[in-house]
Amino acid sequence: MRQISSMLQGLARSMSLGKERKEAEEPQGTVLRSSGTLWGEGSETFAAACSRRGEKGTNQDTSIVWEGYGCQDDTIFCGVFDGHGQWGHYVAKAVRESLPQQLLCRWQEAVALTSLIDGEKRLGDCQFDLLRQSYLAAAAAVDEELRRSRRLDAVNSGCTALSIVKQGDLMVVANVGDSRAVLATTSDDGDVTAVQLTVDFKPDLPQEKARIIQCEGRVHCLDDEPGVHRVWVPHRDAPGLAMSRAFGDYCVKDYGVISAPEVTQRRITARDQFVILATDGVWDVLSNEEAVRIVAATPDREKAAKRLVECAVRGWRRKRRGVAVDDCSAVCLFFHSPAP
């Protein structure tokens, strides 16, 4: 009950502050938008972020860590965004800025309405449902915002978005695309094990492929890319999108590609150590277990994300010789923060 009262007070402060400032101004709390670290005193977390440009041109990956999300001391928002297409880096940054704000706005409204109608007890019972519905509405608003934008051409460009909101021991994960969240937890025998929290939304997944085909899109691999399934419009070999969910990419939105996130929850326990959010450039060359071992074995938490990304870059050069290294980005969120 105390946590619910804190949430109401924090959201009330955030709503009050929101009325006093313009949308473009800096959000309340501490925000990290580049490689670096952030210690969350209120949420008892420690975050390390790193992004490394690959060999394909501009780095189209970006990330955000927002401590004190919604003016709530025990709440943190983290996200990684992977752009693709000519203007993918702009789309990724636009979604990075818009999604947390859109989500917060809808979450505030849902919390306020539920508390007025059903009181705090009901609010405590439906925390996840409120966040899930808020995430779905926010994603739809962001995608529509991109569609209407006169500054961005997101017809043949887009981005994925993987994010979490952690409030107290509740962690809500929302995924659009093929980035991945992996949890490190301690098993009964004391070993650190990896638990994948998200699905990589590739076009060949049965439910994704069925939706695309039902909308008259096509899914197949190119002859020189066996195993890499892509989405194509009905009568043309374009655009060849390698994921089934994304923001932007309006050239295939009528053919089964969607921006709706899969939203799940996890209650963090004393056994859970950290969660890794990373773009596909990391997971293309590292397994879940390898990534967790790399982070767990890094004595200095501040260097955990950097070391993970460096290992991924080396993995590309060792396992994918002759293939251009992809952009690699990661956020490592530790649940029990060290002293600042």
Note to self: Given a Förster distance of 45 Å, report the FRET efficiency between Thr58 and Asp189 from their Cβ-Cβ distance, rounded to the nearest 0.05.
What the structure shows: 0.50
Check: Among Asp254, Asp153, Asp272, what's the order by accessible area (1.4 angstrom probe), most exposed first?
Finding: Asp254, Asp153, Asp272
Check: Once label points are set 7 Å from the Cα along Cα→Cβ at both Glu262 and Gln101, what is their separation, rounded to one decimal in nm?
Finding: 3.0
Check: Sorted by average packing, counted as other Cβ atoms within 10 angstrom per residue and highest first, what order do 190-200, 175-185 take?
Finding: 175-185, 190-200
Notebook entry, point to check: What part of the accessible area of the chain, given as a whole %, is carbon or sulfur when the probe is 1.4 angstrom?
Noted result: 47
Check: How about segment 251-300: which GluC sites (Glu not before Pro) there lie in a loop by DSSP and see at most 15 other Cβ atoms within 10 Å?
Finding: none
Next item on the list: Taking the Cα centre of the chain as origin, sum charge times position over the Cβ atoms of Lys and Arg (+1) and Asp and Glu (-1), and report the length of that vector in debye to the nearest 20.
Entry: 520
Next item on the list: Let me know the number of lysine pairs in the chain closer than 27 Å at the Cα, not counting same-chain pairs under 8 apart.
Entry: 25
Item checked: the chain - accessible surface per residue (Å², probe 1.4 Å) -> 46
Next item on the list: In nm, give the distance between the simple-model label positions of Arg151 and Arg318, each being 7 Å from the Cα along the Cα-to-Cβ direction.
Entry: 4.2
Next item on the list: Kindly identify segment 31-115 as rounded, prolate or oblate by the Cα gyration tensor criterion: order the square roots of the eigenvalues as a ≥ b ≥ c, call it rounded if a/c is under 1.5, otherwise compare a/b with b/c, prolate if a/b is larger, else oblate.
Entry: oblate
Next item on the list: Would you kindly give the portion of the calculated P(r) for the chain that falls above 30 Å, as a percent of all Cα pairs?
Entry: 34
Item checked: Built amide H within the under 5 Å cut-off of Asp169, gap 5+ -> none
Check: Of Leu113, Val199, Gly36, which is farthest along the charge dipole of the chain in the positive direction, counting Lys and Arg as +1 and Asp and Glu as -1 at C-beta?
Finding: Gly36
Item checked: Inter-label distance, nm, simple model (7 Å from Cα along the C-beta direction), Leu116/Glu44 -> 3.4
Checklist line | Of Trp87, Pro100, Trp66, farthest towards positive along the dipole that unit charges on Lys, Arg, Asp, Glu beta carbons give segment 34-332 | finding: Trp87
Check: Listed highest first by mean packing, meaning other Cβ atoms within 10 Å per residue, what order do 57-63, 32-38, 45-51 come in?
Finding: 45-51, 57-63, 32-38
Check: What trypsin sites (Lys or Arg not before Pro) in segment 215-268 are in a loop by DSSP, with at most 15 other Cβ atoms within 10 Å of the Cβ?
Finding: Arg236
Next item on the list: Restricting things to alpha carbons, find the Rg to Rh ratio for segment 71-164 using the Kirkwood radius for Rh.
Entry: 1.07
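The values are calculated or read from the model by the stated rules, or taken from the named source; none is laboratory data. Remember, predicted model here, so these are calculated numbers, not experimental data. Note that we place each Cβ from the backbone using ideal geometry, even for glycine, and neighbour counts take in every protein chain shown. For the accessible areas, the whole protein counts, side chains as well, though only heavy atoms, and no ligand, DNA or RNA atoms are used. Shrake-Rupley method; radii C 1.70, N 1.55, O 1.52, S 1.80 Å.
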